[in-house]
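Please treat every number below as a calculation from the coordinates, not as lab data. No experiment lies behind these values; they were computed from the predicted model shown. Neighbour counts are summed over all protein chains in view; Cβ atoms, including those assigned to glycine, are modelled from backbone coordinates with ideal geometry.
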Amino acid sequence: MSDTTRGNPATIAPATGKLAIFTPGLGAVATTFIAGVERVRRGLSAPIGSLTQMATVRLGKRTDNRSPLIKDFVPLATLNDIVFAAWDPIPDDAYTAAVKAGVLTKEDLEPVADFLKGIKPMPAVFENKYVTRITGATNVKSAKTKRELAEQLRADIRNFMKANGAERGAMVWTGSTEIFIKAGPQHQTIEAFEKAMDENDEAIAPSMLYAYAAIMEGIAYCNGAPNLSADFPALVELANQKGVVVSGKDFKTGQTWMKTVIAPGMKARMLGLEGWYSTNILGNRDGEVLDDPASFKTKEESKLSVLHTILQPEKYPELYKDFSHVVRINYYPPRGDNKEGWDNIDIKGWLGYPMQIKVNFLCRDSILAAPLVLDLALFSDFAQRAGMKGIQEWLSFYYKSPQVAPGLQPEHDLFIQQTKLKNTLRHLMGEEQITHLGLEYYQ
Ligand SMILES: NC(=O)c1ccc[n+]([C@@H]2O[C@H](COP(=O)([O-])OP(=O)(O)OC[C@H]3O[C@@H](n4cnc5c(N)ncnc54)[C@H](O)[C@@H]3O)[C@@H](O)[C@H]2O)c1
């Protein structure tokens, strides 16, 4: 790899001052994230699950023994630099919302209760039409047009940054999953999108207004849910124009994360797939929202897409043509945030003999998602300071539905995504790419 393909770390703006992390949605994931960061800052917990805080990156040859922590290698904002802002139609402060979400125990919340009580959600841009199962939505903005609502969000961002002395910001959507909307003519150009906002077009969902506001304010946008949000030409174009980074949709946490680990393993060994049946029980508010078929459809599209792109049935018809893939989420209140997932995988081996893999994953949804919020915000802020803009495919690692350039298949294999992420960090920091060829050790 020649030096001309390497980035120049000297051109990366330093992470000075405060970084504001904006979360539309102050529910289970957002409060688990915020409480977690505060506990880590106070030395009460470890940031397990976060690459920016715990992972290392190998540099140079294996014999060089250079494997710094990513956070020591890359100029990321530190946890102490972060200030938090949120919007939610439910007026609960972060402490009350965290208690209601029931993810973290009282023992874990109490030491940071004062801090959490100080985070009160700003009035949200919200309409029940887009998330039908939310009740108690009293903390809501009003305006004549959707464009005016977006302007109010922009003012919130500016005011918060000013009041808190924040130099930069990143937004991560941790709001509910909205109903399924396909990109239409309203989403193709910036002009069409702005006109649709002016006309209160119903194809413009609240999450899109947050994304628009973030991009207009020069703030990175990441989307933890499967809603369209910023994944269409108009907002990608706007992000490119404004020098803002956007990445993907829908945190890759439980069952889909396991899928993107197991499926590449099967394909690597050329083992076939007859069918993959996934079912979950989940009892938190996310589960309740997803109980609405319109919101579930958005999630289902996101969950179904991964296997086809990993297994490439068009390339390997004997192994993967017409495999059956079913995904179910069942709202089951007693489990709260502690989701249980079952996967039954019917595979076939040598001479077509059938075998089965069973996975029973007893996970905690928000515990898996919280570190992803942190990493996405820190990496997006870093990318922007490094001069990156528009779609950041290297952040695919975190998403069920990565955002990619038109005409490209997204990469879903977790380990290819990880290599892409680390190679991007090496690239931006002017280090050599790692090819894993390794012949030099045997010459
Ligand atoms: N936890 C996971 O493992 C995981 C994985 C992938 C995706 N997600 C997604 O992350 C999102 C958050 O999950 P959660 O468990 O925290 O859900 P939650 O229901 O606890 O919190 C979502 C919050 O968003 C608020 N909200 C809804 N519409 C809003 C709007 N327009 N503006 C501002 N706030 C709004 C709701 O009032 C609620 O408080 C969901 O969309 C979920 O599908 C979660």
### Task
Collect residues whose amide H, placed 1.01 Å from N in the peptide plane, falls under 5 Å from the amide H of Lys252; neighbours closer than 5 in sequence don't count.
Tyr399, Lys400
### Query
Once both labels are modelled 7 Å past Cα along the beta-carbon direction, what's the Val261-Ile416 spacing in nm?
1.9
#### Entry: Ordering of 98-108, 83-93 by packing [mean C-beta count within 10 Å, highest first]
83-93, 98-108
### Query
When the scattering of the chain is computed by the Debye formula from its Cα atoms alone, each counted once and equally, what is log10 I(q)/I(0) at q = 0.06, 0.09, 0.10, 0.11 Å⁻¹?
-0.25, -0.58, -0.72, -0.87
### Task
Can you grab the distance from the C-alpha centre of region 61-83 to the C-alpha centre of region 175-250, Å, no decimals?
32
### Query
Ranked highest first by average number of other Cβ atoms within 10 Å, how do 395-401, 120-126 line up?
395-401, 120-126
### Task
Return a whole-number percent for the relative contact order of the chain, with Cα pairs under 8 Å and 6 or more residues apart as the contact set.
21
### Task
Quote the FRET efficiency, to the nearest 0.05, computed for Ala163 versus Lys120 with a Förster distance R0 of 22 Å and r equal to the Cβ-Cβ distance.
0.95
### Task
With a 10 Å radius around each residue's Cβ, average the other Cβ atoms per peptide and rank 431-438, 181-188, highest first.
181-188, 431-438
### Message
Please compare each pair in Lys182/Lys339; Lys117/Lys303; Lys71/Lys120; Lys18/Lys100 to a cut-off of 32 Å on the Cα-Cα distance and tell me which ones are over it.
### Response
Lys117/Lys303
#### Entry: Extended-chain gain in nm, criterion 0.36 nm per residue less alpha-carbon gap, Arg41 and Lys144
32.9 nm
### Task
Report the label-to-label distance for Lys61 and Lys358 in nanometres (one decimal), using points 7 Å from each Cα along the Cα→Cβ vector.
5.0
### Task
Subtract the Cα-Cα distance of Asp201 and Lys321 from 0.36 nm times their separation in residues, and report this length gain in nm to one decimal.
39.2 nm
### Task
Can you tell me the relative contact order of region 305-443? Whole percent, Cα pairs under 8 Å, sequence separation 6 or more.
17
### Query
For the chain, what does -39500 (n - 2.57) per DSSP helix run (n ≥ 4), summed and divided by total residues, give at 222 nm, in deg cm²/dmol to the nearest 500?
-11000 deg cm²/dmol
### Message
Give me, ordered by chain and number, the residues 5 or more places off Thr56 or on other chains with an amide H under 5 Å from its own placed amide H.
### Response
Ile70
